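In what follows, a single structure is set out as structure tokens and then discussed.
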Amino acid sequence: MIGTGQEGDKRWIGGNLWRGGGAARGAGPVPRVWPRRPRPRGGGGGAAPLPPGGGGGGPGRPDHRRGPGRPPTPVLAAADWTCRVLVGGLSPATVYWYRFIDDKGAGSRIGRTITAPRANDPRPVRFAFVSCNSVNEGAQNAYARMIWEDQRAAADRKLGFVLHLGDFIYEVVEYPEEVPHRYSRTVYDLGHIPDARKVGNFYVPTNLAGYRHVYRAHIDDPDIQDARAYLPFVCMGDNHEFSWQGWQSFIKYGAAVEPAQPLRVAANQAWWEYIPSRVRKASGAALEQFSPPVVEKAAIDTFDDDGFGTETNNRIAVGSMTAYRALRYGKHVDLILTDLHSYKAADPTDRPEAAALDSGDYPVIPQEWLEIVDGGRDYAGGKPPAIIAIGDKSIPNYRKDEPAHTVLGREQKAWLKAQLTQSTATWKIWGATNGTLDMRTDPQNLPAGLVKDRWPGRDYGTFGGGDMSGAFAERAEIYDLVRDEKIPGFVTVSGDRHSFWAGYAAPALPPAGFAPVGLSFITGSISAPGLGEAAEFFKESALRPLYVRKVEGAPPEHTINLTIKRGVRSALEYAASGDIEAARALTNPDVAPHLEFVDMAGHGYAVVSAGPNTIETEFVCIVRPIARAETPDGGPLRYRVSHHAQMWQPGARPRLEQRIVEGDAKLSI
Ligand SMILES: [Fe+2]
């Protein structure tokens with residue numbers, strides 16, 4: 001059923017190649033393997049995982065050891081012809097090869113997986129973390145690069161698994177006959193989503209068939225197939241697995257918020273069918289099918305003390321699957337994965353009442369405004385202001401009687417805290433799907449007259465809101481726990497931002513102080529376009545130099561990195577002179593003491609190496625993945641940068657050391 005040893009004979013004669021399936025590892029050496037069988041002509045069928053070559057190590061073949069005997073696994077139409085098996089009795093920290101063979105003798109391609117090391121295994125742990133696969137607007141060259149490098153790595157530098165932090169799919173799909181290009185991208189044809197709803201230039205699923213279509217379109221990508229066949233994937237969804245602007249079972253297009261309980265269930269079901277994982281579902285532990293609960297679309301207009309909609313169908317829909325979970329990986333890593341969309345309260349900045357405060361002149365909002373609406377009735381120790389005054393505008397504080405904002409929700413937050421305090425691993429790695437690092441700048445330092453009306457804020461302006469970095473109170477609650485409980489080795493890893501970030505987990509920034517309690521990293525997208533790329537297409541304006549420097553005959557340069565890391569004076573200097581030393585000399589040291597690296601135009605992946613005393617995160621940045629690379633290495637790199645830290649004593653400041661291994665990242669460091 002599953003073989004060990006060297007790479008096997010990858011040919012399979014006499015059957016279809018099924019769509020590839022990787023395997024995700026649960027806690028301990030129990031991989032879950034997953035293929036999708038092409039829809040059979042007439043009727044269902046069964047499949048059994050068998051070793052490449054059918055079992056038994058013949059001459060020139062790897063040593064296949066049969067796993068424990070098991071009955072054939074059904075492949076059901078009700079699961080969209082996907083199937084899952086959970087295999088026990090395997091050795092820890094071991095490479096296995098597997099494939100599935102159906103009752104007609106047709107076989108899947110051969111997959112490879114790696115079991116987790118035991119909790120006392122002292123060897124360093126090495127894994128990649130990734131996010132944001134856009135097959136509609138890009139190529140998944142980053143996976144080709146990852147495989148290429150791993151196949152050539154020394155035994156102790158090979159990856160154990162890939163952590164996928166969400167946007168495995170984009171449910172928003174463009175059709176190339178309508179939208180042939182966006183930014184610098186070619187729009188690739190993913191077919192038409194059945195029963196789609198049109199939103200602007202995009203089509204989105206309205207039901208299970210729609211989500212299944214989108215998943216199939218993503219896993220048809222050859223590089224995604226190769227990656228899932230080569231490495232175990234541990235996945236957690238972000239927003240696009242359900243709906244771009246969705247939360248709980250709400251969807252939102254434009255200003256209109258709609259309940260969408262059946263859609264939430266459909267999204268969970270398709271995720272469960274297409275993403276190998278060990279998560280809880282309401283229908284029980286059976287692996288054959290999701291067996292969705294029946295829910296109705298109904299208004300959700302009452303909320304508990306954590307902003308969770310109490311409407312019955314909302315509870316059932318969100319509860320159809322519980323994905324947050326923790327995985328132990330050797331002596332050194334506890335991987336604690338949270339779901340930042342299923343339990344999240346409505347975004348407090350995204351309320352109609354707030355519109356009156358925002359002039360629209362600036363791309364950021366005053367930090368104090370976000371802090372007030374985030375804190376709700378708990379702001380300033382339970383003394384929120386009656387009005388929110390920004391410059392010459394003021395509105396009643398619409399949040400003063402409402403609970404503090406939560407992204408995690410009550411139960412998940414309690415669970416996260418328990419995981420952090422109880423972990424015995426060297427490194428407690430929080431997989432927070434969206435970025436925990438503040439994204440802000442200092443518009444108070446813009447030259448007078450650059451924008452008609454002067455900056456109305458007290459000091460800093462934030463791009464935040466909507467992700468973990470804008471959940472100031474909740475993030476501080478977690479970070480204060482790390483500080484108070486003296487939890488060593490706290491690290492966050494995130495995706496979603498379509499950009500590479502390295503820095504420190506800090507509950508507050510100047511002028512409120514700066515006392516980091518851990519390290520934070522965000523990976524660039526595998527392929528989805530980021531803000532740096534979008535900015536290349538901004539119309540010329542007084543503020544455009546804060547995003548991009550365009551000089552005739554030269555590639556655009558992303559001054560937004562300087563705006564965020566060093567402040568507006570630094571960015572404007574570089575935009576004017578192209579002199580990085582002059583730009584660095586104008587750094588505002590208080591704008592981003594939490595950042596060591598920002599690249600808003602980077603794509604690729606990040607690799608963590610976690611050992612007994614040190615942790616290293618390497619960013620592998622590829623060139624913009626507009627078309628599939630023609631070389632097996634996934635195409636050229638822009639840069640490779642390593643961020644390295646020694647374990648710190650509780651209460652002491654962690655320190656990152658940076659090394660540019662290759663390429664140029666001068667606007668990012
Ligand atoms: Fe994304």
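Summary table below
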item	result
Residue within region 128-142 that is more than 29 Å from GLY602 (Cβ to Cβ) and away from the ligand (no atom under 16 Å from the Cβ) present	no
Residues of region 322-351 that turn out to be open to solvent by less than 20 Å² (accessible area, probe 1.4 Å), in a loop (DSSP other than H, G, I, E, B), within 25 Å of ALA425 (Cβ to Cβ) and not aliphatic (A, V, I, L, M), as a count	3
Residues (among the acidic types (Asp, Glu) and over 12 Å from ASP339 (Cα atoms)) located in region 399-450	ASP401, GLU402, ASP438, ASP442
Considering residues of region 142-169 that are open to solvent by less than 10 Å² (accessible area, probe 1.4 Å) and not in a loop (DSSP other than H, G, I, E, B) only, the residue nearest to GLY524 (Cα to Cα)	ALA142
Residue in region 449-472 that is nearest to the chain's Cα centre (by Cα), counting only those that are of a type in the set (A, V, I, L, M) and open to solvent by less than 10 Å² (accessible area, probe 1.4 Å)	MET468
Residue match in region 170-183 (condition: closer than 29 Å to VAL294 by Cβ and away from the ligand (no atom under 16 Å from the Cβ))	no
Among the candidates LYS452, LYS400, residue that is in contact with a helix residue (DSSP H, G or I) (Cβ under 7 Å, 6 or more places away or on another chain) and part of a loop (DSSP other than H, G, I, E, B)	LYS400
Residue selected from region 170-197 under the condition in contact with a helix residue (DSSP H, G or I) (Cβ under 8 Å, 6 or more places away or on another chain) and among the acidic types (Asp, Glu), by the criterion surrounded by the most Cβ atoms within 10 Å (Cβ to Cβ)	GLU171
Meets criteria (away from the ligand (no atom under 16 Å from the Cβ) and free of Cβ contacts under 8 Å to residues at least 60 places away in the same chain) for ALA270	no
Index of the failed condition, GLN269 passing every other in (1) over 21 Å from the mean Cα position of the chain (by Cα); (2) in a helix (DSSP H, G or I)	(1)
Verdict on PHE538 being aromatic (Phe, Trp, Tyr), at pLDDT 95 or above and not in a strand (DSSP E or B)	yes
Wholly enclosed strands (runs of 3 or more DSSP E) of region 599-669 bearing at least 1 residues of a type outside the set (Phe, Trp, Tyr), open to solvent by less than 10 Å² (accessible area, probe 1.4 Å) and in contact (Cβ under 8 Å) with a residue 24 or more places away in the chain	603-610, 614-622, 637-646
Residue within region 491-500 that is open to solvent by less than 40 Å² (accessible area, probe 1.4 Å), in contact with a Pro (Cβ under 7 Å, 6 or more places away or on another chain) and either within 23 Å of ALA418 (Cα to Cα) or without any contact (Cβ under 8 Å) to a residue 24 or more places away in the chain (or both) present	no
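Yes or no, residue by residue, for (1) more than 16 Å from the ligand (Cβ to nearest atom); (2) open to solvent by 20 Å² or more (accessible area, probe 1.4 Å):
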position	(1), (2)
GLU474	yes, no
GLY489	yes, no
LEU519	yes, no
GLY530	no, no
LEU543	yes, yes
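The values are calculated or read from the model by the stated rules, or taken from the named source; none is laboratory data. Predicted model, so just to flag it, every value in this text is computed and none were measured. Reconstructed Cβ throughout: ideal geometry from the backbone, glycine too, with neighbour counts over all protein chains shown. Quick note on the areas: whole protein, heavy atoms, side chains included, nothing else; ligands and nucleic acids left out. Shrake-Rupley method; radii C 1.70, N 1.55, O 1.52, S 1.80 Å.
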